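Each remark here refers to the structure printed beneath this line.
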Amino acid sequence: MRQGKINRETLETKLNIAIDLDGQGKTKIDTKIGFFDHMLTLFGFHGGFDLEVFCDGDIEVDSHHSIEDVGIALGLAFKEALGDKLGINRYGSFRLVMDEALVCVDLDISNRPYLVFNGEIPKVVLGNFDCEMTEEFLRAFAFNAGITLHVNVMYGKNVHHIIEAIFKALARALQLATAIDPSKVDKVSSTKGML
């Protein structure tokens, strides 16, 4: 059972996150940031991950602390769920269109955290979601999950479509990377013998 659970509390946020990599895409999300809840719901559904996220943060300040801290805790839960990484494909790539937007996500579950983010996301707010926090979420998630993550926004005009395409493509790429290769169930996908 590839599951991870993280409880994290700071002076700015209180989080409870649980993920099952072998789920059915069922989600229960409550961050008090409507658009972010929508993106995390899509992430769970399109990745086939059962995902529960509860965040009580200082959104009276802004959404920054909540979004970044969810990225941190989700990354830690994801890493815990991966365990010894035996049999995983390790690499995943997915190109995803949403109307006029095209996004490409490539990743390596390498335990070498890195983020390359190429794209312009307008500095607007959707509901109470600061759109510029998309990159910060991705960085927090990648660095705490131990993932090399490249996100390329090829083009797009509607900021909702661009961000939604990012979350869906990330989920699909992770689904591919975490899938078990039946021919390598007792091996790690590295000549080093470990990830």
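We did not get these values from a lab; they are worked out from the coordinates using the rules stated. The shown structure was predicted, so the numbers you read here are calculated from the model rather than taken from an experiment. Every residue, glycine as well, gets a Cβ built from its backbone with ideal geometry; the counts of neighbours run over all protein chains shown.
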Next on the checklist: Check which residues have an amide H placed less than 5 Å from Ser63's amide H, if you skip close sequence neighbours.
Outcome noted: Asp130
Next on the checklist: Counting other beta carbons within 10 Å of each residue's own, what order do Glu9, Glu136 fall into, fewest first?
Outcome noted: Glu9, Glu136
Next on the checklist: Cut-off under 19 Å on the C-alpha distance; same-chain residues fewer than 8 positions from Lys192 excluded. Which aspartates and glutamates are left, in chain and number order?
Outcome noted: Asp84, Asp108, Asp181
Next on the checklist: How would Met133, Met194, Met154 line up from fewest to most surrounding beta-carbon atoms within 10 angstrom?
Outcome noted: Met194, Met154, Met133
Item to check | Theoretical FRET efficiency, 1/(1+(r/R0)^6), r = Cβ-Cβ of Phe45 and Val97, R0 22 Å, to 0.05 | outcome: 0.80
Checklist entry - Shape of the chain from its Cα gyration tensor (a ≥ b ≥ c, root eigenvalues): rounded if a/c is under 1.5, otherwise prolate when a/b > b/c, or oblate? => result oblate
